[in-house]
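In what follows, a single structure is set out as structure tokens and then discussed.
The values are calculated or read from the model by the stated rules, or taken from the named source; none is laboratory data. Note that the structure is predicted; figures quoted are calculated from it, not measured. Neighbour counts are summed over all protein chains in view; Cβ atoms, including those assigned to glycine, are modelled from backbone coordinates with ideal geometry. In case anyone asks, the SASA skips ligands and DNA or RNA and just uses the protein heavy atoms, side chains included. Shrake-Rupley method; radii C 1.70, N 1.55, O 1.52, S 1.80 Å.
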Amino acid sequence: MADPSSYRPEPGQIPDSPGVYRFRDEHRRVIYVGKAKSLRQRLASYFQDIANLHPRTATMVTTAASVEWTVVSTEVEALQLEYSWIKEFDPRFNVKYRDDKSYPSLAVTMNEQYPRVQVMRGPKKKGVRYFGPYGHAWAIRETVDLMLRVFPVRTCSAGVFKRSAQIGRPCLLGYIGKCSAPCVGRVTPEEHRELAEDFCDFMAGRTGTYLTRLEQQMHEAAEEMEYEKAARLRDDIGALRRAMEKNAVVLADATDADLIAVAEDELEAAVQIFHVRGGRVRGQRGWVTDKVEAVDTAGLVEHALQQLYGEEKGEAVPKEVLVPVLPEDTGALGQWLAGRRGSNVSLRVPQRGDKKALMETVHRNAQQSLALHKTKRASDLTTRSRALEEIAEALELDGAPLRIECFDISHLQGDDVVASMVVFEDGLARKSEYRRFQIKSFEGQDDVRSMHEVVSRRFRRYLQEKLKTGEWSPEDGEDPLTEDDGRPRRFAYPPQLVVVDGGQPQVAAAKRALEELGIDDVAVCGLAKRLEEVWLPGEDDPVVLPRTSEGLYLLQRVRDEAHRFAIQYQRNKRGKRLKSGPLDEVPGLGESRKQALVKHFGSVKKLRQATIDQICEVPGIGRKTAETVAAALAQAPPAGPAVNTATGEIMEDETPAPAGAASERGTEL
């Protein structure tokens, strides 16, 4: 635990201007990022008597070992830089909203020749129109199923669309009237795009005009005694109205707004967002966070706005954002939101009427979300804490191993030997920290020697990073946590516990690797699969944890995750080796030109028989490249006959393997 006075900046050293500051721990890892109108006043508040600080703030300043800052011109720039640094460094003491799933949206791919309606998750793509997000994918599919009757837009994948066009026969949706079948030319691309635009207009809330037009057409058909057409239009109107009922009208003035509500207690906070477009609730989402920093409701709202709109642009940021309380820097946030949207954004607290009533509904949802989260997570938090305590007690550690790294070796009969490193922090997998290794110092099968090499390489990098970080003598102006290209440094943080998949020999190899590097503050243990025994260095007998032990269960999860990650890498590596061919050895020949050569000649065998002039006929292949290809194929031994594994037939000619799959002779068993 550090004394804040040991790294307190000198008086007058901190500028009295807007900026962003970072606290780092003893390993130079960023643990907190904040912004301030006046860096001098804000940072001075951290270096007062610890007894006067909020308990969470006191924990942060005693964990930190240094503080640094960056001066900016305006509060808006400070807001943008704070958001960027929180995304980059993922500080442990900053509020982070945990969204346990990617909310689905209804997407219309207007960037394609034949736009497609589908469910999409993840980052938004250019040229695609989105509606939502929705709480459940089935809600989107129900709405789409109702609307396809009126707007028969394509919903099939590219593969299905291409196949239908080839065989000249539409899929089932085309036969039952829920697709206009552009794949077989029933409608032109222009007509299909018009259908997609009508679909988007209806989803965007412009429903009244369209329904009025359909009702008029229905009455005209009835007057002309075209009763079948009138009945179909009647059913279309009913389908659209049922789709509209799924999005209840909540605001009469067709407002486009996002409503954000917060429910909190001393430890956690839940945020709920309702997306209202055209006066209707078009989407809903929510997040939950631990209050790891001393933050009030206004601060939670500010963090929520950053999380919600940090990656959004244009119409994804609404004209109006309604919040329960205004953040401290309302003016800066308003400018930031306006910059994201490209026009003015109203950020305010609703005072009366329908908007206040809807805000109360959103707040009730936030309260229910927090209650449900606490019910689900209570046992999880208790279990993880108990597991870490049991491991610390069984291995006689000084404290709970908050960071655990596990190593595993994988190979197939001595070929393609690889290793994996997985990381668990606070009992949870941290996949961004996972690493893969290829065994380089020798060939063949030797798990003990492989384990020694991998642990040595990992901790040698750790020592190199300590030296680079300037932990003893930092260079001015250098960011010790990023490489020259700006990416976060790897291997910069040591674990409290190293777990190896294996018994005494593997544990001894890992311990020897650490001792050779002079590292004596990292504990080592091994978990043997046969009896699930925990082995410690230099001990003749294993530590046997009860089968019902939460600590043993956590070690098993860590070991199994390392095993899975290693096997996945080993299989990928072996698959690439099995699919390699003589063209892979040609320097400067990329995948596109390799495919062009095989496609032009039909097979590698025919390419081998071609002359240099014939190879030059392939688009993109110059004479020098053709000579290199011919020389490489002449030196490579001819491949054996290909075998059709389905029939056992020996194929006389080499045929190219389909893209993304192994050839017949290289099929993985």
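Numbers below:
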| read-out | value |
| --- | --- |
| 5 Å binning of all Cα-Cα separations within segment 322-368, expressed as whole percents from 0 upward | 5, 21, 22, 18, 18, 14, 2 |
| Whole-Hz ³J(HN,Hα) from phi, Karplus 6.51 cos²θ - 1.76 cosθ + 1.60, for segment 549-563, glycine and proline x | 6, 5, x, 5, 4, 5, 4, 5, 4, 5, 4, 5, 5, 5, 5 |
| Label-point gap, in nm, between residue 239 and residue 68 - each point 7 angstrom along Cα→Cβ | 6.1 nm |
| Dipole of segment 1-82, positive direction: furthest Cα of 47, 31, 69, with charges on the beta-carbon | 31 |
| Local net charge near residue 558, Cβ-Cβ under 14 Å (Lys/Arg +1, Asp/Glu -1) | -3 |
| Solvent-accessible area of residue 200 with every protein chain in place, 1.4 Å probe, in Å² to the nearest 10 | 0 Å² |
| By average C-beta atoms within 10 angstrom, highest first, the peptides 157-165, 298-306 | 298-306, 157-165 |
| When segment 493-582 is reduced to its Cα atoms, the Kirkwood hydrodynamic radius in Å | 14.8 Å |
| Sorted peptide list for 8-19, 25-36, criterion being average Cβ within 10 angstrom, highest first | 25-36, 8-19 |
| Virtual paramagnetic centre 7 Å along Cα→Cβ of residue 567, amide N under 19 Å, in segment 395-424 | 406-423 |
| Label point distance in nm, residue 141-residue 348, each placed 7 Å from Cα along Cα→Cβ | 4.3 nm |
| Cα point-scatterer Debye curve for segment 290-388, base-10 log of I(q)/I(0) at q = 0.18, 0.22, 0.23, 0.24 Å⁻¹ | -0.96, -1.20, -1.26, -1.30 |
| Difference of contour (0.36 nm per residue) and Cα-Cα distance, residue 516 to residue 441 | 25.3 nm |
| Burial ranking of peptide ranges 221-230, 260-269 (average Cβ count within 10 Å, highest at the top) | 260-269, 221-230 |
| Ranked order, 573, 624 - accessible area, probe 1.4 Å, largest first | 624, 573 |
| Nearest-10 value in Å² for the accessible area of residue 536, using the 1.4 Å probe | 40 Å² |
| Local electrostatic count, residue 35, Cβ distance below 9 Å [Lys/Arg +1, Asp/Glu -1] | -1 |
| Gain in span if fully extended, residue 385 to residue 111, counting 0.36 nm per residue against the direct Cα distance | 93.7 nm |
| Cα-only radius of gyration and Dmax that characterise segment 162-230, units Å | 15.3, 43 |
| Largest-first ordering by accessible area, 1.4 Å probe, given options 560, 398 | 398, 560 |
| By accessible area with a 1.4 Å probe, ligands and nucleic acids excluded, highest first: order of 141, 116 | 141, 116 |
| Difference of contour (0.36 nm per residue) and Cα-Cα distance, residue 325 to residue 5 | 111.7 nm |
| Residues with amide H under 5 Å from that of residue 116, placed H, sequence gap 5 or more | 109 |
| Accessible area (Å², 1.4 Å probe, nearest 10) - residue 176 | 100 Å² |
